[in-house]
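The values are calculated or read from the model by the stated rules, or taken from the named source; none is laboratory data. Predicted, not measured: the structure shown is a model, and the values here were computed from it. Neighbour counts are summed over all protein chains in view; Cβ atoms, including those assigned to glycine, are modelled from backbone coordinates with ideal geometry. These area figures cover heavy atoms from the full protein model, side chains too; ligands, DNA and RNA do not enter into them. Shrake-Rupley method; radii C 1.70, N 1.55, O 1.52, S 1.80 Å.
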Amino acid sequence: MPRTADPTDIPRRLAEAGYALFQQNGYNATGIQQITDQAGVPKGSFYNHYESKEAFAAQVLRNYGKWMAAAWNASLKDAPASPLGTLHHVFEQFTAHHEGQGCQGCLVGNFAAEVAEASEPCRIELATVLDDWRERMAGLIEQAQQAGELRRDVDARTLANFFWDAWEGAVLRSKIVRNVQPLRDVIRLLLDDFFLP
């Protein structure tokens, strides 16, 4: 492997390889040797940057949270003016992403099912990422409530929590049925029906 002067190059390559393999195979079925082979770095390089596979997985989750935050922010740039229209726009883009990725699921949902009970560092990262998503959605729901677009008899955070719980369940079902209809159903049933005034 050619040496690089960029100290972030190897951790970046490891993290990208880890994400791809965790998403494809899961946490338990992915070994450090597989990660370093896919990243194109010696196995010893892994331990120069991460003390364990668990610590590495927690970092991959942090990176995923940052990527999702950037994707959320990017989708807001060309979103409609209305808060409800923005919610539709964001989740239609997320649906298109899942469809384009072949319904592999969400790293957070996959890890929640596989490692949340066994790894406290991963559980903490999962909670942090989910909290960020819920807060972002709650802010838009609150704006939509103030605009009279969504029901006001239920707190915005409660609606956001309910939506994300339904969404993550739908993402899981999409993996099984290999299509995004469950995601479309969540958007339609909640944003176009249950959440309306």
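If a residue has to be touching a Cys at 6+ places or on another chain (Cβ under 8 Å) and open to solvent by less than 60 Å² (accessible area, probe 1.4 Å) to count, how many in segment 148-184 make the cut?
Matching residues across segment 148-184 total 4.
Considering only segment 156-176, how many residues are under 21 Å from residue 143 (Cβ atoms) and more than 17 Å from the chain's Cα centre (by Cα)?
Counting residues in segment 156-176 that are under 21 Å from residue 143 (Cβ atoms) and more than 17 Å from the chain's Cα centre (by Cα) gives 4.
Could you grab me the full set of residues in segment 113-166 that are in a loop (DSSP other than H, G, I, E, B), free of Cβ contacts under 8 Å to residues at least 12 places away in the same chain and closer than 21 Å to residue 189 by Cβ?
Taking segment 113-166 as the starting set, the residues that turn out to be in a loop (DSSP other than H, G, I, E, B) are 115-119, 147-155.
Filter once more, so that each one left must be free of Cβ contacts under 8 Å to residues at least 12 places away in the same chain: 116-118, 153-155.
Once the filter is applied, which keeps residues that are in a loop (DSSP other than H, G, I, E, B), free of Cβ contacts under 8 Å to residues at least 12 places away in the same chain and closer than 21 Å to residue 189 by Cβ, segment 113-166 yields 153, 154, 155.
Just give me the residues in segment 97-133 being crowded, with 18+ Cβ neighbours inside 10 Å, aliphatic (A, V, I, L, M) and over 14 Å from the mean Cα position of the chain (by Cα), in sequence order.
Once the filter is applied, which keeps residues that are crowded, with 18+ Cβ neighbours inside 10 Å, aliphatic (A, V, I, L, M) and over 14 Å from the mean Cα position of the chain (by Cα), segment 97-133 yields only 115.
If you go through segment 177-188 one residue at a time, do you hit one that is under 15 Å from the mean Cα position of the chain (by Cα) and either among the acidic types (Asp, Glu) or farther than 18 Å from residue 67 by Cβ (or both)?
Step one: list which residues in segment 177-188 are under 15 Å from the mean Cα position of the chain (by Cα), which gives 183.
If we keep only those that are either among the acidic types (Asp, Glu) or farther than 18 Å from residue 67 by Cβ (or both) too, we end up with 183.
Yes: segment 177-188 contains one or more residues that are under 15 Å from the mean Cα position of the chain (by Cα) and either among the acidic types (Asp, Glu) or farther than 18 Å from residue 67 by Cβ (or both).
Test each condition in (1) outside any loop (DSSP other than H, G, I, E, B); (2) open to solvent by 20 Å² or more (accessible area, probe 1.4 Å) for residue 72 and report the one that comes out false.
If we test residue 72 against (1) outside any loop (DSSP other than H, G, I, E, B); (2) open to solvent by 20 Å² or more (accessible area, probe 1.4 Å), just (2) comes out false.
If residue 89 passes every condition in (1) surrounded by fewer than 17 Cβ atoms within 10 Å (Cβ to Cβ); (2) within 14 Å of the chain's Cα centre (by Cα); (3) assigned to a helix (DSSP H, G or I) but one, which one does it miss?
(2)
Please identify the pairs in which a residue from segment 4-20 that is under 16 Å from residue 31 (Cβ atoms) and of a type in the set (Gly, Ala, Ser) has its Cβ atom under 8 Å from the Cβ atom of a residue that is open to solvent by 80 Å² or more (accessible area, probe 1.4 Å) and at pLDDT 90 or above, counting only partners at least 6 apart or on another chain.
17/38; 20/38
Residues in segment 84-99: is at least one farther than 20 Å from residue 190 by Cα and of a type in the set (Gly, Ala, Ser)?
no
What number of residues within segment 185-197 satisfy the criterion of being farther than 14 Å from residue 87 by Cα and surrounded by 13 or more Cβ atoms within 10 Å (Cβ to Cβ)?
2
Of all residues in segment 40-65, count the ones that are closer than 20 Å to residue 128 by Cα and in contact (Cβ under 8 Å) with a residue 40 or more places away in the chain. Give the derivation first.
Filtering segment 40-65 for residues closer than 20 Å to residue 128 by Cα gives 53-65.
Narrowing the set further to residues that are in contact (Cβ under 8 Å) with a residue 40 or more places away in the chain leaves 54-65.
Number of matching residues: 12.
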